[in-house]
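Q: Sharing a structure, written as structure tokens. Questions coming.
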Amino acid sequence: MRSRTTVGRRARTTAMVALLVAALWGGIALAKGAADDSLASSDGPVGHLGRALNIIRG
């Protein structure tokens with residue numbers, strides 16, 4: 001049987017990987033929504049990102 005420290009370390013590592021994957025997925029979804037001009041309204045964070053991308057593009 002594994003010691004408690006190994007099980008705890010594995011659980012923390014799994015949780016951190018899950019959080020990183022969720023953050024990456026959310027960031028990609030926001031970036032895709034901001035890049036799509038039809039979805040980028042003036043309200044909300046996606047609209048702000050869309051306007052920022054339009055400013056950067058020129």
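Q: If you go through region 36-45 one residue at a time, do you hit one that is modelled with pLDDT of 85 or more, loosely packed, with under 11 Cβ neighbours inside 10 Å and over 13 Å from the mean Cα position of the chain (by Cα)?
A: There is no residue in region 36-45 that is modelled with pLDDT of 85 or more, loosely packed, with under 11 Cβ neighbours inside 10 Å and over 13 Å from the mean Cα position of the chain (by Cα).
Q: May I pose another question? Is it fair to say ILE55 is at pLDDT 75 or above, among the aliphatic types (A, V, I, L, M) and either in contact with a Cys (Cβ under 8 Å, 6 or more places away or on another chain) or open to solvent by 90 Å² or more (accessible area, probe 1.4 Å) (or both)?
A: yes
Q: Could you list, in sequence order, the residues of region 12-28 that are at pLDDT below 90 and open to solvent by less than 60 Å² (accessible area, probe 1.4 Å)?
A: Result: GLY26, GLY27.
The values are calculated or read from the model by the stated rules, or taken from the named source; none is laboratory data. Remember, it's a predicted structure, so these values are computed and weren't measured experimentally. Every residue, glycine among them, receives a Cβ derived from its backbone with ideal geometry; neighbour counts consider all protein chains shown. Protein only, heavy atoms only, side chains kept; ligands, DNA and RNA dropped before computing areas. Shrake-Rupley method; radii C 1.70, N 1.55, O 1.52, S 1.80 Å.
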